[in-house]
Amino acid sequence: MKSRHKWNAIGNEQGGALVEFAIVMPLLMLILGGIIDFGALYYNKQILTNASREGARAGVVRQLDANGNKIIIQESDIQTTVEIYCNNHGLLEFGESTPPTVSASNISTMAYPGDLTVTVTYTQTFLLSSLLNLFGGDIGPTINLSATTVMKME
């Protein structure tokens, strides 16, 4: 009778699925975190591309004052346009929130065939690095995203 009881205990598979789940769950969470990270990366790249386009458009559009003279736009005006666009459309941020940096070139020429170049850069912090830092890790991978738009002066 004892030998029969021994074989039932060895053949019992209760809890096996729980052990398999505990082994596979961290891998599934890592894959899910990667999907979220790269989705946010792609989304932020699109926001920066559109923001640089909006900033360049604001810089090249002919704006006239009350006397009919063309208003020369400043780099700060372009930067404000880009920041407003980024705030309205919401960059996805994990960790520290840093605003994008904006640079514009050839503003002083403001003549028709000239080109206005607006470059927007942003440092993306990955979600997985933020989560791993909670557990005492010192992982801080970031990537610099940038978008450049060139438009002709009007």
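Put simply, when 18-27, 49-58 are sorted by average Cβ atoms within 10 angstrom per residue, most first, you get 49-58, 18-27. Between GLU83 and LYS152, residue separation times 0.36 nm minus the direct Cα-Cα distance comes to 22.6 nm. Each residue, ASN106 and LEU64, gets one label point 7 Å from its Cα in the Cβ direction; the gap between the two is 2.4 nm.
FYI, it's all coordinate maths here, none of it is from the lab. Bear in mind that the values here come from a model prediction, so they are computed numbers and not experimental data. Cβ sites come from the backbone with ideal geometry, for glycine too, and all protein chains shown count toward neighbours.
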